[in-house]
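Asker: Next up is a structure, given as structure tokens.
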Amino acid sequence: MTKSFRVGVLTLWMNSALEDDLISLVRNDIGLHFHRFMPAKLPKDANDERYLHDLARNIHSQFKYFSKLGLDHIVIGCTSLATVMAQLPNTAEGVDITFAFDAILNQLKSANCSQIGLVAPYSTSTIAEEKRLFNMEGVVVTDIARLNYENEFKDTTTEEIVSKALCTYRQGGGIVISCTALNTGDAINILKLELPEAKLITSSNHAIAAFINQLDDPIALQQMTQGQQGDK
């Protein structure tokens, strides 16, 4: 099938969940080109978030791996990166860039959802900073739940995600499961059955997929781009 649109996705070295989800959720006529960022020093465990600062310092050098691919857009597949970057770049070599955090904001705005429970596996300080960023964008985080996992984020079970998410939900709001390394498909399906009245139940990967699926809609793209530029 000829691809009508091509998107580059920058993700982290250990993240297979994002690739699996996007390949499953993104339309077949949209081409996806993945590049994995490898930090100069591997973290000692999932709680060692120094790699985020490494990625923030070196993010511009990563865009060269997408050159000459004829991309229409680039997506940065690391939600928590927004918590360590004061300024998020909008373009790279003339190609528009969208960060995972912006994709979540776009989906929340589209669903008219301004109140969420936030579920994430990050350190407490990173979750607190993400909450602050949501609040700055007019999204009230009513409750937070930190996920438990065995060794890596991807080890987080569906049962753990569902139980923690249910604890954060408030009537009339939504749920955001933050982190592109999480496998959230089954959890989201269960939560939608448990909470049919929720305005939105989403994850980083589902929000990115929803964003990519709209990219070749000129009107939607203009609205999204204007919103992101206004937020910076």
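Asker: How many residues are part of a loop (DSSP other than H, G, I, E, B) and either touching a Ser or Thr at 6+ places or on another chain (Cβ under 9 Å) or not aliphatic (A, V, I, L, M) (or both) if we restrict to segment 1-30?
Answerer: Filtering segment 1-30 for residues part of a loop (DSSP other than H, G, I, E, B) gives 1-4, 13-16, 26-29.
Imposing the further condition that a residue be either touching a Ser or Thr at 6+ places or on another chain (Cβ under 9 Å) or not aliphatic (A, V, I, L, M) (or both) reduces the set to 2-4, 13, 15-16, 27-29.
Residues flagged as part of a loop (DSSP other than H, G, I, E, B) and either touching a Ser or Thr at 6+ places or on another chain (Cβ under 9 Å) or not aliphatic (A, V, I, L, M) (or both) within segment 1-30 amount to 9.
Asker: Let me ask something else. Scan segment 200-213 and report the pairs whose first residue is basic (K, R) and whose second residue is part of a helix (DSSP H, G or I) and modelled with pLDDT of 95 or more, with Cβ atoms within less than 6 Å and a gap of 6+ or a chain change.
Answerer: Filtered contacts from segment 200-213: no entries.
Asker: Which of (1) aliphatic (A, V, I, L, M); (2) open to solvent by less than 10 Å² (accessible area, probe 1.4 Å); (3) more than 18 Å from I212 (Cα to Cα) is the odd one out, the single condition L108 does not satisfy?
Answerer: If we test L108 against (1) aliphatic (A, V, I, L, M); (2) open to solvent by less than 10 Å² (accessible area, probe 1.4 Å); (3) more than 18 Å from I212 (Cα to Cα), just (3) comes out false.
Asker: Scan segment 117-175 for residues that are hydrophobic (A, V, I, L, M, F, W, C), touching a residue at least 60 places away in the same chain (Cβ under 8 Å) and under 21 Å from M14 (Cβ atoms) and jot them down.
Answerer: F153
Asker: Does L88 count as surrounded by 16 or more Cβ atoms within 10 Å (Cβ to Cβ) and assigned to a loop (DSSP other than H, G, I, E, B)? It would help to see each step written out before you state the result.
Answerer: On the way: surrounded by 16 or more Cβ atoms within 10 Å (Cβ to Cβ): yes; assigned to a loop (DSSP other than H, G, I, E, B): yes.
Here the answer is yes, as L88 does meet what is asked.
Asker: Hey, any hits in segment 59-72 for a residue that's in contact with a Leu (Cβ under 8 Å, 6 or more places away or on another chain) and within 27 Å of T157 (Cα to Cα)?
Answerer: No, segment 59-72 contains no residue that is in contact with a Leu (Cβ under 8 Å, 6 or more places away or on another chain) and within 27 Å of T157 (Cα to Cα).
Asker: Moving on. Tell me, which residue of segment 129-163 that is more than 18 Å from G174 (Cα to Cα), open to solvent by 30 Å² or more (accessible area, probe 1.4 Å) and within 17 Å of the chain's Cα centre (by Cα) is modelled with the lowest pLDDT?
Answerer: By that ranking, first place goes to K154.
The values are calculated or read from the model by the stated rules, or taken from the named source; none is laboratory data. Remember, predicted model here, so these are calculated numbers, not experimental data. Heads up, the Cβs are rebuilt from the backbone with ideal geometry, glycines too, and the neighbour counts pull from every protein chain shown. Heavy atoms of the whole protein, side chains included, go into the accessibility calculation; ligands, DNA and RNA do not. Shrake-Rupley method; radii C 1.70, N 1.55, O 1.52, S 1.80 Å.
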